[in-house]
Amino acid sequence: MVVYNCLKCKVRLENPPVMVGKEDKCPACGAMHVVPEPAKSRRALVLASCGLVIVLVAVVLVAALGKGLSPFGVGGRGLAGLLEDAKQYQEPSAGDGIFSLGEALVIAQDMRAKYADRSGSDHIPFGGLHMQTFSKKLDESGLRRLYGKPQSVSNDPKNESDPGGPPPAHGLRYSWLEIQVATDGKIIGLAFNPRTIEAARTEGTFP
C-alpha cells in the first residue's frame, strides 16, 4: 500500500499501488490530491509486507466467520482507531447540547469505561447514552473507508433517552458504539445502550 498524509488536513491515507499518479479524494476533508509514488527506500518493505498482511487478514476473517461474526474494521482501523483519532475530530460545540464528534467520542469512551466491568447491561443509567453530534471532517463514506465495515447496520435506531424525537436514517454499530447517520451521510448522533452492549459482549468485542 502507498501510505502518505493529506496535504490539507494531515490525515494518514492509504491507497493501492495501482492508484499512484491518479487523483483521489481525502475522506476526512474532501481535498483532492494525486497519489504519490512510494519512496524507493520503502518500496521493498511494502512489497515484502504484503504477504504477511494477507495472511493476517485471512486469519482474522476465518476466526470471525467461525464465530458467526461480521468482521468489523476489515479494510479499516475499527472502533479502536476511531477512538484513537477522537482529538482529530474535535471542533467548537454547536451549543444546545450538540457536541462535536471528537467531544462525543471522548464522553462515550469515558462512560463506557465506567460500566466495562459490570456484569450486566442493566447497570447502564437511563437505558443508555445518546448524544447529538456533528462533524465537518468526517461523514459516512469517510467513516467506512478509514475505520472499516460496521458490525451491524440499524435502519431505524431508537433514541432511548428521547423516544419522541425523530430517528436518524440509520445507525452503524462498531462494537459497543452506534454512530447515527442522516440520509445525506452526515454524522448526527452517538449512542450506546443495552442492545449495543449485549451485541458487543456476544461477539467478544466489549472490554
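List of remarks:
- In region 108-145, of all residues being among the aliphatic types (A, V, I, L, M) and at pLDDT 90 or above, the one that is farthest from Gln88 (Cα to Cα) corresponds to Leu143.
- Only listed residue being at pLDDT 80 or above, more than 21 Å from Cys29 (Cα to Cα) and charged (D, E, K, R), chosen from Glu198, Glu103, Glu91: Glu198
The values are calculated or read from the model by the stated rules, or taken from the named source; none is laboratory data. Please read all numbers here as calculations on a predicted model, not as lab measurements.
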